[in-house]
1. Starting from the Kirkwood radius over alpha-carbon pairs of segment 1-57, derive D by Stokes-Einstein at 4 °C in a medium of 1.567 mPa s and give it in µm² s⁻¹.
2. As a test of the definition: which semi-axes, in Å, follow for segment 150-243 when you take the square root of five times each eigenvalue of its alpha carbon gyration tensor? Largest first, please.
3. Evaluate Rg over Rh across segment 145-195, taking Cα atoms for both radii and Kirkwood's formula for Rh.
4. Ranked by accessible surface with a 1.4 Å probe, highest first, in what order do Lys61, Lys244 come?
5. Would you check the accessible area of Lys159, probe 1.4 Å, heavy atoms only, in square angstrom rounded to 10?
6. Report Ile56's accessible area, 1.4 Å probe, all protein chains in place, as a number in Å² to the nearest 10.
7. What figure, in Å² to the nearest 10, do you get for the accessible area of Ser45 with a 1.4 Å probe and non-protein molecules left out?
8. Over segment 11-106, what lengths in whole Å, largest first, do the semi-axes of the equivalent ellipsoid take, defined as the square roots of 5 times the eigenvalues of the alpha-carbon gyration tensor?
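The values are calculated or read from the model by the stated rules, or taken from the named source; none is laboratory data. Since the structure is predicted, the reported quantities are computational estimates derived from the model, not experimental observations. Cβ atoms come from the backbone with ideal geometry, glycine included; neighbour counts cover every protein chain shown. Heavy atoms of the whole protein, side chains included, go into the accessibility calculation; ligands, DNA and RNA do not. Shrake-Rupley method; radii C 1.70, N 1.55, O 1.52, S 1.80 Å.
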Amino acid sequence: MSSLGALIILLAILMAIVGGETGIRSFFSVMINTILLILVAMLISWGLSIPVITLIFVPLKLVTIIFLGTHDYTVAKNSFYASLIVLLAVSVLIVGIQHLAQAAGLGVEAGEILLGHSQMPGISYEEISVTVAVFSALGAVAEAAVSISSGLLELKKAKPEIKEHELLKSGWAIGYDVLGTAMNTIVYGMFGSFLSLFLWYYRLHYTFGEVINDKLFVNEALIIMYSLMGVLLTIPLASFLLAKGMSRSKSEAKNGNETNRTKEL
């Protein structure tokens, strides 16, 4: 057995022990999303429309991440709607910025053979860069939406009499903490994975101007910005949708009780 296979089995066992049923579902969510990513790469390599693939697979990935990774339907539904709306808004921004940045394709670090693939006919690296950016921001947005929704729902269960504006205020308070951890996770994740590239820059005496204009660096920096903007938009939207949904459910329940009392009289 390979070390990767052993680690996957260990991960599954630990998730089952710690998370129970939700942990097992989360593990299968990771596996399904991995298969979806491989399928996306295969469909793109076969020449299918990249925008169509993105539009189809973004909701699919959100469904597997959110609905399989949470135990409460209200949290999952609220998180899905908030994430989907935010991703649609961020996608418009991504398309415009990626076109202006002109950073699609492979950089000189990839070597002459791979660098030539950036110019191959029939492959739009600009569209691929948009898809990569959307999928990269998707995880951070979904995580923030679930964190906000689950926190507010637990607060609502603990204090059923809490008012809508108080719930929104609590959502912002939770959001500040989520934003802080999300920023550190995204930024240091990028620095950790790109440490070897930074060593390349240093040993080859890249100037600051060459670094900030390098394709690989620009693409990663832009993905960080998209993810952070997605999290920033998710916090108020997820709080608003859950607060409104809870208020609507309470109002409908109250009206239903009044109707039943009227019928009894």
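1. In µm²/s, the coefficient is 99.
2. Details: eigenvalues 330, 27, 12 Å².
Equivalent ellipsoid semi-axes, largest first: 41, 12, 8 Å.
3. Numbers: Rg = 14.8 Å, Rh = 12.3 Å.
That ratio is 1.20, to two decimals.
4. Working: Lys61 15, Lys244 75 Å².
So, going from the largest accessible area down, we get Lys244, Lys61.
5. 90 Å²
6. Its accessible surface works out to 90 Å², give or take rounding.
7. 90 Å²
8. Details: eigenvalues 173, 63, 27 Å².
Equivalent ellipsoid of segment 11-106: 29, 18, 12 Å, largest first.
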